[in-house]
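**Student:** Can you read through this structure? Questions will come right after.
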Amino acid sequence: MDSIAIPAKSCEKIVADIEAGPWPFAGRQFDAVVVTNYLWRPLMPTLLDSLAPGGVLIYETFAQGNETVGKPSRPDFLLRTGELLAACNGLRVVAYEDGFEEAPPRFTQRIAALREPAAIAAVPRYWLTPRTE
């Protein structure tokens, strides 16, 4: 199979301390926000506000219970039961998991959620249901 190189339309490299410094993307929104193995609760609302209408959030990190199998083990770095799901209130959740994985052993929560486009969010959900005639 031949590989095809698709050039990025734009690429930007930013080095920032997102816990102690200002949010480097203030006022900007993105089609996708991806977070893995990271939890700093004060940043969560900012991350969600950075999601553009129609954008997707993919978030996965460690959860309570992980302290029994390894690091991270501090409660500050472990999601509480259902915490990620609750943080995404207002988004359309398309997938969510909260549980234990055996290889490597770890407790995680992960979510895939969409911010509804403005035009869709204004339409009652029953209008979006296909007719069965």
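Please treat every number below as a calculation from the coordinates, not as lab data. Quick caveat: nothing in here was measured; it's all calculated off a predicted structure. Counting neighbours? That spans all protein chains shown, and the Cβs are built from the backbone with ideal geometry, glycine included.
**Student:** What size of dipole, in debye to the nearest 20, comes out for the stretch 30-118 about its Cα centre when the only charges are +1 on Lys and Arg C-beta atoms and -1 on Asp and Glu C-beta atoms?
**Tutor:** Charge dipole, the stretch 30-118, about its Cα centre: 140 debye, nearest 20.
**Student:** Would you calculate the separation in nanometres between label points at K71 and R41, each defined as 7 Å from the Cα along the Cα-to-beta-carbon direction?
**Tutor:** Those two pseudo-labels are separated by 2.3 nm.
**Student:** Points 7 angstrom from Cα along the Cβ direction at D31 and A16: gap in nanometres?
**Tutor:** The answer from the label model is 2.1 nm.
**Student:** Then there's this: On each of the three principal axes of the Cα atoms of the stretch 30-118, give max minus min coordinate, whole Å, ordered largest first.
**Tutor:** 43, 24, 18
**Student:** Once the cut-off is 18 Å, how many percent of the Cα-Cα pairs in the stretch 11-77 end up in the long-distance tail?
**Tutor:** When every Cα pair of the stretch 11-77 is considered, 46 percent fall beyond 18 Å.
**Student:** So for S50, S10, S73, fewest C-beta neighbours within 10 Å to most, what's the order?
**Tutor:** So the ranking, lowest neighbour count to highest, is S10, S73, S50.
**Student:** Go through 102-111, 15-24 and give me the packing order, highest mean Cβ count within 10 Å leading.
**Tutor:** Ranked from most to least packed, the peptides come out as 102-111, 15-24.
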